[in-house]
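What follows is a single structure, written as structure tokens, with notes after it.
The values are calculated or read from the model by the stated rules, or taken from the named source; none is laboratory data. All values derive from a computational prediction rather than experimental measurement. Positions of Cβ are backbone-derived with ideal geometry, glycine not excepted, and every protein chain shown enters the neighbour counts.
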Amino acid sequence: MNFEASARSREYLERVQRFMADHLEPVEAKYWHEVHQTNSDGDWTRWRVHPLVETLKAKARAAGLWNLFLPDEKLGAGLSTLEYAPIAEATGRSLLAPEVFNCNAPDTGNMEVLYRYGSDAQKKRWLEPLLAGEIRSVFCMTEPEVASSDATNMQATAVVDGNEIVLDGTKWWTSGLGDPRAKVAIFMARTPDASGNRHAQHSMVLVPLDTPGVKITRMLKVFGDYDAPHGHGEVQFTQVRLPLDSVIAGPGRGFEIAQGRLGPGRIHHCMRCIGAAEKSLELMIDRGAQRTAFGKPLVNLGGNRERIAEARVAIDQARLLTLHAAWKLDELGALGAMTEIAAIKVVAPSMLQKVVDDAIQIHGGAGVSQDTLLTGFFAQARSLRLADGPDEVHKGLIAKLELQKRGHGR
């Protein structure tokens, strides 16, 4: 196995890093300050996208740094998962960069679903404008009344009625729902089928957000922040009727699609975590070297040198594990890389959480303010320990697969 970046991957990485240095780093702090000022309350109907985003997106697209996550040379960069991994790491150093390069969740996962499973009509209506960065999308899976760590618990339904599909239920933590550019949701729900097994009872349905019966009820705060203008919303579906051709790949295939969606997406999330950890470590070192207390630089006090060393070791371990998962995903597919994908989902967010926590500590009061990227990175890390399955689910899967190797358990 070889994790060395290809010449094509290195070339894209250098261009991305240069673009970020020239166009993002000089403006990001000011950008987030203005975003927080103009979108300060929970009334998402008044949220507005900062005009700088579309300006930067146009520059990135003109530079050919667009849809880098998609392994199709006609629609994206045509990079493999392993080739894209270092680029995802680079963009993870910024909270703005993934959107600028049209590589932001949940759009990337939704585009992958449409690319792999969508009909020609679905691709024409939704994938093309998403690839062009003209609209945003959301993914409706988590529900407030059940333990969503077990997706078979879903109460929302998608019932076939003649040539229509009828949707009912409540979803929350629908990321991106507050964005005024969000136009479509992928809604995952139960489609009861007595003839199918437990993993053939769900469907994914494309739902225009202006469809009658779709009602956004509120936005949820993450650690006291609405994350505007992106937002994480609760949305009610009441007798939402859509043509049957709104179902992706057909009724009952929701679980199959979900597994295809989550494999590459988890690699992307984890590599962005590694980029955020690298940035946090740099901030920690610079702060520790520049500030003094009790006659010494902070970096020489309170075990801070050991924390820096531990961060370096943890980041490199997480990177190697994630690159291995990316390589195995490319070679064997999601089913062949189940252990590795589950492992990185446990390791990378937890690693980022620890590194950011140490960086916050050395920053003092500034660390918990909005004056640095650290609070955003911390929210990202802690949230990712729940999103796409909590740590415990992934550990349970790893243990199950290890037991099976020894002929034990199911």
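The table below gives the values:
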item: Failed item, numbered, when R48 is tested on (1) closer than 30 Å to K215 by Cβ; (2) part of a helix (DSSP H, G or I); (3) in contact (Cβ under 8 Å) with a residue 24 or more places away in the chain; result: (2)
item: Complete set of residues in the stretch 231-265 that are more than 19 Å from T174 (Cβ to Cβ), outside any strand (DSSP E or B) and not polar (S, T, N, Q); result: L244, D245, A249, G250, P251, G252, R253, F255, E256, G260, G263, P264
item: Positions within the stretch 369-382 being under 23 Å from the mean Cα position of the chain (by Cα) and farther than 18 Å from R93 by Cβ, in sequence order; result: R382
item: V27 vs. criteria more than 22 Å from P180 (Cβ to Cβ), touching a helix residue (DSSP H, G or I) at 6+ places or on another chain (Cβ under 7 Å) and in the same structural domain as E89 (by TED's automatic domain parsing); result: no
item: Cross-chain or 6+ apart pairs with Cβ under 6 Å, the stretch 395-410 first and over 17 Å from S350 (Cβ atoms) and surrounded by 12 or more Cβ atoms within 10 Å (Cβ to Cβ), then of a type in the set (S, T, Y) and modelled with pLDDT of 95 or more; result: L401/T339
item: Criterion (of a type outside the set (A, V, I, L, M), closer than 18 Å to P98 by Cα and in contact with a Lys or Arg (Cβ under 9 Å, 6 or more places away or on another chain)) met by exactly one of W44, W66, W32; result: W66
item: Segments classed as helices (runs of 4 or more DSSP H), wholly inside the stretch 292-410, with at least 1 members that are at pLDDT 95 or above and more than 15 Å from A276 (Cα to Cα); result: 304-336, 338-363, 391-405
item: Residue in the stretch 273-291 that is nearest to A366 (Cα to Cα), counting only those that are in contact with a helix residue (DSSP H, G or I) (Cβ under 7 Å, 6 or more places away or on another chain) and either among the basic types (K, R) or assigned to a loop (DSSP other than H, G, I, E, B) (or both); result: R287
